[in-house]
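Visitor: Sending over a structure as structure tokens; questions will come in a sec.
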Amino acid sequence: MKASVSPVLEVKDLTKDFPIKKGLLGRTAGHVHAVDGISFSIGESETLGLVGESGCGKSTAGKLILKLIEPTAGEIRLSGQRIDGLGYETMRARRRTMQVVFQDPYSSLNPRMRARDIVAEPLRNFEALLESEIDTRVAELFENVGLRRDQLSRFPHEFSGGQRQRLVIARALAVRPKLIVCDEPVSALDVSVQAQVINLLIDLQREFGVAYLFIAHDLAVVEHISHRVAVMYLGRIVELAGKESLFAGPQHPYTEALLSAVPVPDPTIKPSRIILQGDVPSPIKPPSGCHFHTRCPYAFERCRVERPVMRETKPDHFAACHLRDGAAA
Amino acid sequence: MTVTASPPVEPASRVGEPDLPDILPPVKERRGITGFAYRYPAIAIGGAMLILLILMAIFAPLLGTTDPTTLAPSKRTRAPSAEYWFGSDMMGRDIYSRVIYGARVSLIVGFAVAILASLAGLVVGLVSGFVRWADSIIMRIMDGMMSIPPILLAVALMALTRGSVPNVIAAIAVAEFPRVARLVRSVVLTLREQPYVEAAVASGTRTPMIIARHILPNTIAPLTVQATYICASAMITESILSFIGAGTPPIIPSWGNIMADGRALWQVKPFIVFFPAIFLSITVLAVNLLGDGLRDAVDPRMAKRL
């Protein structure tokens with residue numbers, strides 16, 4: 001993790017347990033450990049890819065950072081200042097530096113609002129502008145994301161999926177945030193459109209210096225856009241490294257298995273897949289020690305007892321695995 | 001059926017331009033009022049019936065009626081005739097005039113209750129959907145109110161005051177609004193989870209603005225549908241209240257009152273009860289048709305939710 005002035009986003013031991021209520025009186029019968037103590041940081045103009053399979057807590061992590069849900073424990077710092085525990089109104093004022101792009105461009109736009117008003121909404125929240133100034137800004141944003149001016153007064157249903165996601169990106173960009181949390185921004189789109197939107201995000205990062213927390217399950221997409229990648233499994237980050245280092249030499253068995261599942265567009269290469277046995281355990285009763293030990297081909301006694309901590313196994317390459325204990329030393 | 005040897009006409013036309021026969025007739029796009037009536041027959045029929053009834057109530061004095069309260073003791077319980085179109089009751093009052101004027105009470109009560117109950121339910125439902133700690137308290141109170149049959153609750157409330165149209169409206173509205181509150185709350189809870197509402201929160205929109213911009217416009221449709229059902233139910237409740245003497249004072253002609261007057265003579269003079277009952281049925285049918293049509297037009301999936 002680069003020690004710049006102060007990272008745009010810094011997350012420390014972020015935890016979220018959802019209580020499971022049962023019965024008439026709402027007795028708490030247990031907890032879903034959705035996010036279990038994750039830590040990372042994102043620097044200026046940097047993209048951190050957060051990958052993991054469905055239900056591993058990556059979207060919950062995104063919502064926690066956006067403060068759409070309150071964390072159970074841990075710290076979230078936005079440009080060095082803590083935002084966890086802030087009240088609704090104080091948090092509202094800080095939202096200017098952090099915006100969001102959700103997965104489904106169909107449900108993330110109010111069907112009753114015109115494109116212009118959708119993009120203008122954050123502007124109106126934070127800046128006292130005249131209507132004419134808003135018009136200019138919105139038209140600029142439309143140009144930035146590759147939409148036409150004659151589409152300003154259309155309704156969301158008059159746009160295609162890719163165009164809608166451009167609209168969502170324009171809204172996120174409107175107040176010039178330092179960080180945009182992208183929660184699976186392309187997984188609802190066609191592959192050809194995915195590439196356009198990904199490249200748009202990369203272009204916008206170059207132009208405006210915005211940082212992305214890019215949550216996804218598609219490794220190819222993550223490899224293309226990210227500078228660093230964090231791999232999540234059952235609420236924990238198991239590996240965090242620069243893109244090249246991670247894809248060239250994964251240090252955690254789970255990452256290894258994930259990468260082996262990526263299809264290679266070359267028929268002469270015989271795939272050597274690592275097929276994991278069993279299912280992801282329940283986050284209500286996660287396994288002891290290392291969460292991955294139930295499915296890990298290399299698991300040994302220590303994995304069942306002791307939770308592995310993140311260690312720097314290679315320069316700027318962190319993994320939470322007992323196998324790597326002492327490997328770097 | 002004989003097989004006629006018709007000359008093959010096909011090749012000549014196929015060589016040049018493909019002259020394809022119209023297998024499907026072109027879809028005729030209907031516009032204007034006919035198009036609307038074609039697409040939403042229930043709204044059109046129910047709405048037309050309701051408009052007729054409203055016009056009838058407004059222009060009651062011009063429809064060949066006499067004063068509905070004039071007594072004519074010498075002409076009691078006359079059968080329908082040229083003088084008394086719907087007959088006369090046991091005090092010699094013209095039933096036709098009473099039924100026409102009675103529409104005013106039913107329609108006013110129906111609409112007023114629908115509006116009042118919708119507004120009260122909207123406010124309570126919004127509070128319940130947004131203020132999490134208040135939700136369980138408010139909803140338990142609403143559940144408690146809903147466990148009492150609306151008519152019983154209305155009768156109990158009427159027992160506290162004297163009979164008048166505003167009091168009837170208030171009593172029925174109180175009995176009906178918990179249903180609206182529950183509906184609005186459920187819609188609010190669904191909408192709050194919508195990504196566009198979360199996106200609005202994340203982009204720093206204040207809560208009152210979120211309600212006004214993102215929540216309210218989307219509650220209007222189900223609320224309107226629910227309001228029509230409440231309107232129909234309120235009309236019936238009003239008639240029942242009048243019928244059992246707990247509603248509108250007997251001096252005011254309302255359908256329930258007329259039926260109450262004719263109750264004792266039902267077996268010998270059925271027309272006294274028949275005409276107000278028919279009008280009540282038609283009015284409730286019209287409102288329910290309109291409601292069903294609106295529901296289908298607004299959202300076909302709503303049928304399951306209500």
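The values are calculated or read from the model by the stated rules, or taken from the named source; none is laboratory data. The model shown is predicted, which means the values in this text are computed figures rather than measured ones. In this analysis, Cβ positions are derived from the backbone assuming ideal geometry, glycine residues included, and neighbour counts consider all displayed protein chains. Side chains are part of the model used for accessible areas, which takes the heavy atoms of the whole protein and leaves out ligands, DNA and RNA. Shrake-Rupley method; radii C 1.70, N 1.55, O 1.52, S 1.80 Å.
Here is a yes/no grid of residues against (1) among the acidic types (Asp, Glu); (2) crowded, with 17+ Cβ neighbours inside 10 Å; (3) in contact with a helix residue (DSSP H, G or I) (Cβ under 8 Å, 6 or more places away or on another chain):
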residue: B:Thr70; (1), (2), (3): no, no, no
residue: B:Pro80; (1), (2), (3): no, no, yes
residue: B:Ser88; (1), (2), (3): no, yes, yes
residue: B:Arg98; (1), (2), (3): no, yes, yes
residue: B:Ser118; (1), (2), (3): no, yes, yes
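Visitor: Still on this model: Please list, ordered by first then second residue, the pairs with beta carbon atoms under 7 Å, 6 or more apart or interchain, first in the range B:46-60 and under 18 Å from B:Cys231 (Cα atoms), second part of a helix (DSSP H, G or I) and open to solvent by 100 Å² or more (accessible area, probe 1.4 Å).
Guide: As it stands, the answer is none, since no pair meets every condition given.
Visitor: Further question: Spot the failing condition for A:Ser108; the list is (1) at the interface with another protein chain (Cβ under 9 Å from one of its Cβ atoms); (2) more than 26 Å from A:Glu10 (Cα to Cα); (3) polar (S, T, N, Q); (4) open to solvent by 50 Å² or more (accessible area, probe 1.4 Å), and only one is missed.
Guide: (4)
Visitor: Just to check your reading of the model, which residue among A:Ala93, A:Ala115 is at the interface with another protein chain (Cβ under 10 Å from one of its Cβ atoms) and free of Cβ contacts under 8 Å to residues at least 60 places away in the same chain?
Guide: Answer to the check: A:Ala93.
Visitor: Would you point out the residue of the range A:160-174, among those that are crowded, with 18+ Cβ neighbours inside 10 Å and more than 14 Å from every other protein chain (Cβ to nearest Cβ), that is nearest to A:Ile118 (Cα to Cα)?
Guide: Among those residues, the one meeting the criterion is A:Arg166.
Visitor: Further, regarding this structure: Would the range A:62-84 turn up any residue that is away from every other protein chain (no Cβ under 14 Å), in contact with an Asp or Glu (Cβ under 8 Å, 6 or more places away or on another chain), open to solvent by 10 Å² or more (accessible area, probe 1.4 Å) and without any contact (Cβ under 8 Å) to a residue 12 or more places away in the chain?
Guide: yes
Visitor: So in the range B:192-215, with the set limited to residues that are touching a residue at least 40 places away in the same chain (Cβ under 8 Å) and closer than 27 Å to B:Asp296 by Cβ, which one is surrounded by the fewest Cβ atoms within 10 Å (Cβ to Cβ)?
Guide: B:Arg192
Visitor: Let me ask something else about it. From the list B:Val197, B:Val188, which residue is aliphatic (A, V, I, L, M), assigned to a helix (DSSP H, G or I), at pLDDT 90 or above and over 26 Å from A:Pro177 (Cβ atoms)?
Guide: Details: B:Val197 fails: over 26 Å from A:Pro177 (Cβ atoms).
Selected residue: B:Val188, the only one of B:Val197, B:Val188 that is aliphatic (A, V, I, L, M), assigned to a helix (DSSP H, G or I), at pLDDT 90 or above and over 26 Å from A:Pro177 (Cβ atoms).
Visitor: Moving on. Looking at the range A:175-192 only, could you name the residues that are farther than 27 Å from B:Thr205 by Cα and surrounded by fewer than 18 Cβ atoms within 10 Å (Cβ to Cβ)?
Guide: Those that are farther than 27 Å from B:Thr205 by Cα and surrounded by fewer than 18 Cβ atoms within 10 Å (Cβ to Cβ): A:Asp190, A:Val191, A:Ser192.
Visitor: Next question, about the same structure. Looking for something in contact (Cβ under 8 Å) with a residue 12 or more places away in the chain, under 26 Å from the mean Cα position of the chain (by Cα), closer than 19 Å to B:Ala199 by Cα and away from chain B (no Cβ under 14 Å) - is there at least one such residue anywhere in the range A:121-139?
Guide: no
Visitor: Another question, if that's okay. Only one of (1) open to solvent by 30 Å² or more (accessible area, probe 1.4 Å); (2) more than 22 Å from A:His317 (Cβ to Cβ) is not met by A:Leu201, so which one is it?
Guide: Going through (1) open to solvent by 30 Å² or more (accessible area, probe 1.4 Å); (2) more than 22 Å from A:His317 (Cβ to Cβ) one by one, A:Leu201 breaks only (1).
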